[in-house]
Amino acid sequence: MELIKLGAEAALYRDKDRVIKQRLEKRYRHPELDKFLRRYRTRREAKLLQKLREIGVNTPKLIEVKEEDYTIIMQYVDGVTLKRYLSPEKIDIMEDVGNVVAKIHKAGIIHGDLTTSNFIVKDSEIYVIDLGLGFFSRSVEDRAVDLLSFRRSYIATHPQLYEGWERFLERYVEYMDGDGEDVLKRMEEVAKRARYL
């Protein structure tokens with residue numbers, strides 16, 4: 001087994017064609033609360049993965065959930081992160097990302113950590129990964145915060161590819177059937193509020 005990533009919330013290991021995601025103990029939390037949160041978040045992430053696959057969004061296939069070990073076992077997607085894939089010649093893919101994020105939001109799901117590192121491109125298909133901070137919500141505010149987080153991440157990581165962000169937004173609004181404008185308006189309101197905190 002090979003360690004792929006050690007994050008704040010979980011460790012990711014690769015075992016051949018599988019990824020094992022294990023939520024890490026937080027010693028600063030009360031032990032019972034820590035167990036509850038890790039079990040709850042493991043269960044919720046598995047549900048989010050299943051729901052996205054049901055609505056036709058590409059995600060790693062869920063293989064097994066071990067709540068008692070705070071572990072999710074899923075398919076290893078052998079592709080490249082959107083972060084590495086993006087270039088001026090491949091900027092069109094941001095339109096597809098706009099479709100995917102709109103589809104997620106329309107299904108009542110908030111990703112919680114939208115970055116170009118949390119999309120994988122394989123055979124021109126986009127896969128959504130790392131739903132560890134995701135949750136179910138149809139709130140315009142939650143959608144707006146999800147987009148604002150993505151905008152900040154995108155601009156910080158790909159400042160030379162701003163056109164990609166504009167293409168993403170155009171497609172997102174188009175796919176959201178009228179709700180997209182409300183989300184963008186709220187995103188700007190949230191951004192203004194954040195400046196004065």
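The values are calculated or read from the model by the stated rules, or taken from the named source; none is laboratory data. As the structure is a computational prediction, the values presented were derived from the model and not from experiment. The area values use the complete protein model at the heavy-atom level, side chains included, leaving out ligands, DNA and RNA. Shrake-Rupley method; radii C 1.70, N 1.55, O 1.52, S 1.80 Å.
Would you mind classifying the range 142-197 by shape? Square roots of the alpha carbon gyration tensor eigenvalues, ordered a ≥ b ≥ c; an a/c under 1.5 is rounded, otherwise it is prolate if a/b is larger than b/c and oblate if not. Don't jump to the answer; show the numbers that get you there.
Values: a/c = 2.39, a/b = 1.02, b/c = 2.34.
Because a/c hits 1.5 or more and a/b fails to exceed b/c, the range 142-197 counts as oblate.
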Using square roots of five times the C-alpha gyration tensor eigenvalues, list the equivalent-ellipsoid semi-axes of the range 133-172 in whole Å, biggest first. 22, 12, 7
In a Gaussian network model over the chain where Cα atoms closer than 10 Å are linked, find which of Arg29, Arg84, Arg167 has the largest mean-square fluctuation. Arg29
Taking each pair of different alpha-carbon atoms in the range 93-139 once, compute 1/r for the pair, average those values, and report the inverse of that mean as the Kirkwood hydrodynamic radius in Å to one decimal. 11.0 Å
Roll a 1.4 angstrom probe over the protein heavy atoms and tell me the percent of accessible area of the range 28-172 that is carbon or sulfur. 47 percent
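Using only Cα atoms, figure out Rg for the range 37-104 and give it as a multiple of 2.2 N^0.38 Å. Kindly include the intermediate steps, with their values, before the conclusion.
Working: Rg = 14.7 Å, N = 68, 2.2 N^0.38 = 10.9 Å.
In units of the 2.2 N^0.38 Å rule of thumb, it is 1.35.
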With every protein chain left in place and a probe of 1.4 Å, what is the accessible surface of Phe36, to the nearest 10 Å²? 120 Å²
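Just the number please: accessible area per residue for the chain, 1.4 Å probe, all protein chains included, in Å².
Spelled out: the 1.4 Å probe surface of the chain, per residue, equals 55 Å².
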Just by accessible area at a 1.4 angstrom probe, what is the order of Arg43, Arg23 from largest to smallest? Arg43, Arg23
Can you tell me how the range 7-59 classifies by the Cα gyration tensor, rounded, prolate or oblate, using a/c under 1.5 as the rounded cut? oblate
Which entries of Lys21/Lys47; Lys16/Lys90; Lys61/Lys106; Lys47/Lys90; Lys66/Lys106 show an alpha-carbon separation above 24 angstrom in the structure shown? Lys16/Lys90; Lys47/Lys90; Lys66/Lys106
Relative contact order of the range 1-85 (C-alpha contacts under 8 Å, at least 6 apart) in percent is 26 percent
Hz values of 3J(HN,Hα) by residue in the range 76-87 - Karplus curve (6.51, -1.76, 1.60), Gly and Pro given as x: 7, 9, 8, x, 10, 5, 4, 4, 7, 6, 4, 7
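Please compute the contact order of the chain in relative form: average sequence separation of alpha-carbon pairs under 8 Å and at least six residues apart, divided by the residue count, as a percent.
Here the relative contact order equals 19 percent.
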What translational D, rounded to a whole number of µm²/s, comes out for the chain from Stokes-Einstein when the hydrodynamic radius is the Kirkwood one over Cα pairs, at 25 °C and 0.890 mPa s? 140 µm²/s
Alpha carbons only, please: Rg and Dmax for the range 62-136, in angstrom. 13.7, 46
